[in-house]
Amino acid sequence: MLSVLRVHLPSDIPIVGCELTPYVLLKRPDKNVTTEDVTELNPIDGHFLRYRWYRIQSDRKVAVCSVHPTEQATLQCIGCVKAKIPVAKSYHCSPKCFSDAWQHHRVLHERAASAVNENGNEEEETLGRFNSTGSTLSNSSLSNGTSLYPPAVTQRSGETWFEVGRSKTYTPTADDIGHVLKFECVVIDAESKLAVGPANTLLTSRVIPAPSPSPRRLISVNGIDVPGPLDLDGRISSPGTFTVLSYNILSDAYATSELYSYCPSWALSWTYRRQNLLREIVGYHADIVCLQEVQSDHFEEFFAPELDKHGYQALFKRKTAEVFGGNINTVDGCATFFRRDRFSHVKKYEVEFNKAAQSLTDALVPSAQKKNALNRLVKDNVALIVVLEAKFSNQGIDNLGKRQLVCVANTHVNVHQELKDVKLWQVHTLLKGLEKIATSADIPMLVCGDFNSVPGSAPHALLAIGKVDPLHPDLAVDPLGILRPAGKLTHQLPLVSAYSSFARGVGLGIEQRRRIDPATNEPLFTNCTRDFIGTHDYIFYTADSLTVESLLELLDEESLRKDTALPSPEWSSDHIALLAEFRCKPRPPRR
């Protein structure tokens with residue numbers, strides 16, 4: 001007979017909006033063990049599994065700490081209540097917690113009048129209702145919307161169990177905050193519909209609200225068009241401008257507890273991170289979104305359909321899998337999204353550096369050395385190049401009736417720091433491909449991504465200056481001779497790093513200037529882990545055809561170190577997102 005051997009949750013900390021999927025281990029009548037579901041529509045030997053989820057509720061209301069969401073709150077910031085800041089952010093578990101968090105907490109007070117969290121009003125309403133006396137409870141409906149769960153199911157020891165779900169998975173809601181959930185799994189006789197044997201149950205810890213990242217402001221780089229910081233949520237794009245986001249979201253395959261042991265397991269789980277990342281990405285309202293480290297299965301099953309709901313069309317280039325030895329569905333790649341109401345798709349180019357490596361070795365490397373050469377060069381990295389046509393027009397009569405095209409490159413360069421020659425070769429290969437596109441069309445270009453190269457490195461110099469100094473120390477690492485002569489390491493694209501505009505901006509406050517390295521004019525960091533902090537991510541643009549209007553504010557290291565490093569409950573990648581607003585320059589007619 002069918003029997004349940006074990007039920008457990010990967011994480012026992014449930015979070016609002018993050019799906020809970022218990023692990024159910026079964027023994028089939030033939031003694032084989034399986035985790036496959038057995039439904040009423042497909043019973044085994046006349047038996048199937050029935051699932052129930054309950055919310056265990058008592059008269060005592062529990063609020064959770066905004067800094068340590070697994071701890072019960074013992075005090076509330078009255079200043080937050082008066083400023084109408086989302087109530088969940090006002091709770092702390094101890095006076096020390098509040099004192100330690102004050103430097104960052106007071107920013108909420110300072111921004112309360114001008115910065116509006118996209119979900120703030122809704123969050124305040126739901127959490128405020130939870131924390132008020134006489135909490136209102138609502139019945140949940142089945143996924144098909146045809147029936148309601150019964151209200152109070154059973155009572156014991158002053159507790160009431162409310163049935164909230166009838167499927168194997170359950171997604172906690174705001175009504176569940178502060179309450180324990182109970183999962184029940186029982187074998188049912190298909191004919192009599194009666195339970196066979198005892199139910200298998202598990203209890204979660206108390207449901208916590210999803211920590212939401214602090215809002216980041218869009219800041220004008222000239223202090224003229226826009227007087228001071230802007231909020232992404234409520235702003236209206238200026239005519240003729242568009243925004244571009246670049247973000248390495250940290251593939252789930254790389255988000256291991258060994259690498260990121262400082263991040264709580266529940267905050268490192270993909271079910272949590274995907275919702276937090278989506279909330280952050282959607283909140284930026286970017287016209288073009290370039291993501292790196294997007295797993296193939298996550299692109300197909302999550303990001304493409306979810307961002308489609310927000311008006312984005314999706315394009316994807318998976319890394320080649322010659323080196324990768326795992327599940328092909330978890331191979332990551334580069335994903336580019338654009339708003340359908342702002343752009344239309346014209347053309348797509350895919351760059352596979354493995355193919356370029358094969359061509360290079362065939363042409364330059366002696367046969368006896370080809371195997372070693374390919375072992376060094378073949379790293380599965382790719383780039384996705386997309387040509388888009390704007391559905392908006394620039395101001396100015398000179399451009400009336402002209403198509404406004406934009407070319408956007410999205411890449412993730414090889415990570416291994418000892419392979420300096422491979423990094424530089426990959427960047428050079430990409431730039432030469434973009435040069436060919438530029439010669440065939442007079443088109444503004446954007447080069448976005450994680451280049452795994454710090455400011456001042458040879459790849460960064462090639463991008464930003466257009467050449468590499470023959471005496472650059474990175475050129476000393478060239479066992480295959482692919483970088484010689486150094487004079488060939490050039491390109492003609494007038495590329496400038498968008499965030500270097502912060503160093504030149506006249507309307508910036510000292511806060512943002514402190515987050516720029518004066519030696520390189522680049523951010524002090526875009527990647528922050530326990531063992532590394534530095535800049536690897538960039539948005540480059542062709543300065544003869546585009547100007548930077550504004551940039552997404554940079555984060556300060558101290559605010560991130562309160563959680564040791566990235567990722568954290570607040571920020572779900574080990575990188576930070578970069579975003580720039582551009583305006584197309586009027587182009588003189590080509591002769």
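Taking all protein chains as they are arranged and a probe of 1.4 Å, the heavy atoms of residue 480 leave approximately 50 Å² accessible to solvent.
For the chain, the solvent-accessible area of protein heavy atoms averages 45 Å² per residue (probe radius 1.4 Å; ligands and nucleic acids excluded). Within the straight-line cut-off of under 18 Å between alpha carbons, the aspartates and glutamates reachable from residue 82 are 110, 122, 123, 124, 125, sequence neighbours fewer than 8 places apart in one chain being disregarded. Counting heavy atoms of the protein chains alone, residue 477 has an accessible area of about 50 Å² for a 1.4 Å probe.
For a straight C-alpha distance cut-off of 20 angstrom, the lysines reachable from residue 585 (same-chain residues fewer than eight places away being disregarded) are 391, 402. List the pairs from 317/370; 317/488; 370/432; 467/488 whose alpha-carbon separation is above 19 Å, in the order I gave them. Over 19 Å Cα-Cα: 317/370; 317/488; 370/432. Taking the Cβ of residue 465 as the centre, find all other residues whose Cβ is under 14 Å away and add up their charges (Lys, Arg: +1; Asp, Glu: -1). That works out to -2.
Straightening the chain between residue 254 and residue 94 buys 54.2 nm, computed as 0.36 nm per residue apart minus the Cα-Cα spacing. Within the same chain, lysines fewer than 8 places from residue 89 are excluded, and of the rest, those with a Cα less than 22 Å from its Cα are 61, 562. Using every pair of distinct Cα positions in the chain, the Kirkwood expression returns a hydrodynamic radius of 26.6 angstrom. Expressed as a whole percent, the proportion of Cα-Cα pairs in the range 402-516 lying more than 21 Å apart is 44%. Per-residue surface analysis assigns residue 168 an accessible area of about 40 Å², computed on protein heavy atoms at 1.4 Å probe radius.
Among 266-276, 522-532, sorting by the average number of other beta carbon atoms lying within 10 angstrom of each residue, highest first, gives 266-276, 522-532. Subtracting the Cα-Cα distance of residue 193 and residue 355 from 0.36 nm times their residue separation leaves 52.4 nm of extension gain. For the chain, what is the calculated [θ] at 222 nm in deg cm²/dmol (nearest 500), taking -39500 (n - 2.57) for each run of four or more DSSP H residues and dividing by its residue count? Rounded to the nearest 500, the figure is -6000 deg cm²/dmol. Each residue of the range 353-455 gets 120 Å³ once the volume of the Cα convex hull is shared out per residue. To the nearest ten degrees, helix 270-284 and the longest principal axis of the Cα atoms of the chain are 50 degrees apart. Here the contact order of the chain, divided by its residue count and restricted to Cα pairs under 8 Å and six or more residues apart, works out to 14 percent.
The values are calculated or read from the model by the stated rules, or taken from the named source; none is laboratory data. Fair warning: this is a prediction, and the values are worked out from it, not measured in the lab. Neighbour counts are summed over all protein chains in view; Cβ atoms, including those assigned to glycine, are modelled from backbone coordinates with ideal geometry. Quick note on the areas: whole protein, heavy atoms, side chains included, nothing else; ligands and nucleic acids left out. Shrake-Rupley method; radii C 1.70, N 1.55, O 1.52, S 1.80 Å.
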